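First the structure, in the form of structure tokens, and then the observations on it.
Just so it is clear, none of the values below were taken in a lab; they were calculated from the coordinates. Since the model is a prediction, treat every value here as computed from it, not as a measurement. Please note: Cβ atoms are built from the backbone with ideal geometry, for glycine as well, and neighbour counts cover all protein chains shown.
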Amino acid sequence: MNSILFFELVKPKQSFFGLSWLVSSLFLLPAWPTVATLLLFIAAFFLLRFGGMLFNGLFDFSFDRKNSRTANRPLPRGSVKVKTVLAMSLLAMVFFFLLSLQFGYTAILLAFLTVGIVTGYSLMKRVSQYSHFVLGFVYFLIPQGVSFASQGTFTLPFLILGVAAALCVASNDILYAIQDIDFDKCEGLHSIPATVGPKRAQQIAYFMHFLMGITLIALGLYCHFGFMYYAILLFGVVIEVFAARACELDALFAFLNLAQGSLVMSAIGSEMVWRL
């Protein structure tokens, strides 16, 4: 398999919005981790993300072949074999577990929970419209994994940040699913847009963005963040309003995922730098 095909399968560019939540979590630690620990966190994140993408492609294979939006992906178009993708996904998860073990045997339990939820997301859309929240919960676990691996416990700032991450990813996944309303209804798949319609789905997603903002304000108040933190969050609100009016849904999903995570990372990071 060549590198271009591999990148098509795992879409590494889409991993960076998730990576921003990981870095935001690291900023909240009392002390910056060692280089070795930092590399372990980053490697574990990418392994989980790649494994999840590959599993999702396998579970959705039969649907992706029928959907004009996804039919040109490597697996549906026949550029890669199912058994190859299965082997790659299992290998990614095995290495993820091995890296998780470096943080202790208890951390491996959290790793199993995370993998279960990641794989469950792909199946959830077959039975429930709330699969978006399952995906959001995966990102809620990112700060919890950092907190537990580094401190041996779950603390309130990481829980608050996890809620913000979950609201961000779940709401943007709702916006993304609007593109597939007709296909989902035809194939018997479930989503909030397919259930309530595109207009109502957008309202729900934007209300969740509002809740994410409230959550981030609560994080700032609890951690006694200063002016720079709130200024960057306000800038994010302006950017989102502009993007919502200017972008098509597919572009809006990608932009909001990247922009929101990056702005939160910048807001928390600038505050940490300011305190040095």
Any hit, region 78-89, residues being under 27 Å from residue 186 (Cα atoms), in contact with a Pro (Cβ under 8 Å, 6 or more places away or on another chain) and not hydrophobic (A, V, I, L, M, F, W, C): no
Restricting region 150-188 to residues that are in a helix (DSSP H, G or I) and small (Gly, Ala, Ser), the residue that is surrounded by the fewest Cβ atoms within 10 Å (Cβ to Cβ): 150
Boolean, residue 102 is farther than 24 Å from residue 28 by Cβ and either of a type outside the set (A, V, I, L, M, F, W, C) or without any contact (Cβ under 8 Å) to a residue 12 or more places away in the chain (or both): no
Those residues of region 216-230 which are within 18 Å of residue 269 (Cβ to Cβ) and either surrounded by 13 or more Cβ atoms within 10 Å (Cβ to Cβ) or touching a residue at least 12 places away in the same chain (Cβ under 8 Å) (or both), in sequence order: 216, 217, 219, 220, 222, 223, 225, 226, 228, 229, 230
